[in-house]
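The values are calculated or read from the model by the stated rules, or taken from the named source; none is laboratory data. Values in this document were obtained by computation on a predicted structure and should not be read as measured data. Using ideal geometry, Cβ is built from the backbone for each residue, glycine included, and neighbour counts are taken over all protein chains shown. Each accessible area value is taken on the protein alone, full model and side chains, heavy atoms only, with ligands, DNA and RNA left out. Shrake-Rupley method; radii C 1.70, N 1.55, O 1.52, S 1.80 Å.
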Amino acid sequence: MNSPERTFPPLRLAFAIWGLGAAFYLIGFYQRVAPAVITRELMSEFTLGAAALGNLSAFYYYSYVAIQIPAGLLADRWGPRRVLTAGAAIAAAGTLLFALAPAYAAAGLGRLLIGGSVGVAFVSMLKLAGHWFAPTRFAMIAGLALACGVLGAVSAGVPLRLMVDAFGWRNVMCFAAALTGLLAVAIWVAVRDDPAERGYASYAPVAPARHAPILQSIRQTLTTSNVWLVFLISGAVSGPALTFGGLWGVPFLSTHYRISTSQASMITSLLLVCWAVTGPFVGALSDRLRRRKPLYALGALLAAAGWCIALLVPNLPLSLLVILLGFIGCASSAVMVGFAIAKESSPAALAGTAGGIANMGNMLGGMIMQPAVGWILDRRWTGTFADGVRVYDFGAYRAGFMLMLVWLAAAMVLLVFVRETHCRQTQ
């Protein structure tokens with residue numbers, strides 16, 4: 001229990017502690033998007049088709065999604081400091097394995113290790129935010145977390161392409177492994193789970209003396225309807241952005257709009273930048289209005305409308321397509337409000353578990369859709385090659401992208417059943 005004479009931590013200290021977790025999340029987002037920029041290198045070096053490439057990229061999501069509930073439970077029990085340090089160390093090892101992989105199997109194992117290890121970052125950041133920041137800032141901090149992540153995605157756009165052209169993709173990945181290892185050391189030295197460890201008052205409610213059994217914690221969280229609704233809806237809202245921006249957008253744009261890979265990377269990066277920049281403002285607006293559901297629903301609706309035009313209409317003027325993708329990125333940032341809904345709908349002691357379940361749904365879109373779109377592309381492939389790499393026509397891409405739009409339409413129906421929390425924490 002906080003003693004009454006203690007003061008809350010200064011914002012600069014809170015952001016410094018939280019920022020190291022955010023740096024790890026940035027690296028995780030970089031790793032998520034990197035395959036989109038090196039598709040030709042990967043397809044050529046490992047002799048891959050679209051489905052195999054989609055699976056290689058999605059190995060990240062398989063382990064990322066699987067770790068979310070365990071990550072939430074560990075953050076609740078062990079604390080974010082230990083979880084983040086272990087995650088960064090394993091991510092460094094996985095990145096090195098991917099960089100040195102002699103064959104597809106080793107590369108897949110590297111991606112699997114990366115996804116599972118960086119998967120602890122977001123949940124741990126939310127857990128830190130609950131202790132180091134006032135509850136009225138939570139949605140804004142969640143939006144800032146997305147901004148940090150998308151900054152990593154942007155670094156995996158044009159900057160990564162230029163570095164790969166200069167040094168080769170394996171050398172660049174080796175450097176990323178070394179950087180992640182150094183971050184693991186910094187997190188262990190500097191991060192603390194609660195302000196009380198630095199002599200300040202904590203914003204977190206007083207925790208129970210004993211944790212509930214693990215299965216009971218999961219059951220208690222999953223029986224909250226808002227949590228599993230956010231689980232399903234978040235995957236649909238973020239899935240198209242992660243699938244397009246994280247893998248298939250670059251080859252789609254470079255093939256059908258006849259632009260270079262670097263230009264295509266800039267355009268997909270714009271989508272992610274708009275997602276990141278808008279996130280904190282949407283979160284802050286939700287906190288100010290003390291409403292969650294209207295902003296969540298409006299963002300999903302606008303994103304769906306934008307995707308329908310961008311993905312289904314052929315030969316759009318490139319300038320219009322760029323504007324559309326920027327608009328879609330802004331609308332999709334409403335997905336961050338879902339994390340606040342999940343947190344506020346569950347008991348405070350289970351905030352990490354609720355965040356893990358919500359983030360599992362958030363990543364489900366990329367995990368399912370990246371290989372699913374690749375599978376459709378291979379089924380619709382007409383046998384065309386360019387420089388030894390398969391080329392897919394617009395009809396094939398349109399058929400693949402339809403899968404994302406159907407899920408997004410279903411999510412908007414589910415949004416009707418979400419209960420408004422009015423920014424109040426369940427006791």
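Within the range 34-43, can one find any residue that is open to solvent by 10 Å² or more (accessible area, probe 1.4 Å), of a type in the set (Lys, Arg) and in contact (Cβ under 8 Å) with a residue 40 or more places away in the chain? There is at least one residue in the range 34-43 that is open to solvent by 10 Å² or more (accessible area, probe 1.4 Å), of a type in the set (Lys, Arg) and in contact (Cβ under 8 Å) with a residue 40 or more places away in the chain. Every test in (1) open to solvent by 30 Å² or more (accessible area, probe 1.4 Å); (2) modelled with pLDDT of 90 or more is passed by residue 426 save one, and that test is (2). Looking only at residues in the range 282-315 that are outside any helix (DSSP H, G or I) and out of contact with any helix residue (DSSP H, G or I) (no Cβ under 7 Å at 6 or more places or on another chain), the one that is nearest to residue 416 (Cα to Cα) is 291. Among helices (runs of 4 or more DSSP H) entirely within the range 190-275, having at least 2 residues that are at pLDDT 80 or above and open to solvent by 30 Å² or more (accessible area, probe 1.4 Å) singles out 225-243, 249-256.
Every residue, every condition in (1) over 25 Å from residue 78 (Cβ atoms); (2) hydroxyl-bearing (Ser, Thr, Tyr); (3) open to solvent by 30 Å² or more (accessible area, probe 1.4 Å); (4) not in a helix (DSSP H, G or I), yes or no:
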position: 149; (1), (2), (3), (4): no, no, no, no
position: 160; (1), (2), (3), (4): yes, no, no, no
position: 164; (1), (2), (3), (4): yes, no, no, no
position: 170; (1), (2), (3), (4): yes, no, yes, no
position: 174; (1), (2), (3), (4): yes, no, yes, no
position: 179; (1), (2), (3), (4): no, no, yes, no
position: 186; (1), (2), (3), (4): no, no, yes, no
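For residue 406, the criteria (1) open to solvent by 50 Å² or more (accessible area, probe 1.4 Å); (2) touching a residue at least 12 places away in the same chain (Cβ under 8 Å) hold in every case but one, which is (2).
Tell me the residue from 13, 26, 56 that is at pLDDT 85 or above, over 21 Å from residue 116 (Cα atoms) and part of a helix (DSSP H, G or I), please. From the options 13, 26, 56, the qualifying one is 13. Just to be sure, is residue 372 closer than 30 Å to residue 71 by Cβ and crowded, with 22+ Cβ neighbours inside 10 Å? Taking the combined requirement at face value, the residue does not satisfy it.
Among the residues here, residue 75 qualifies as under 18 Å from residue 355 (Cα atoms), open to solvent by less than 10 Å² (accessible area, probe 1.4 Å), touching a Gly at 6+ places or on another chain (Cβ under 8 Å) and among the small types (Gly, Ala, Ser).
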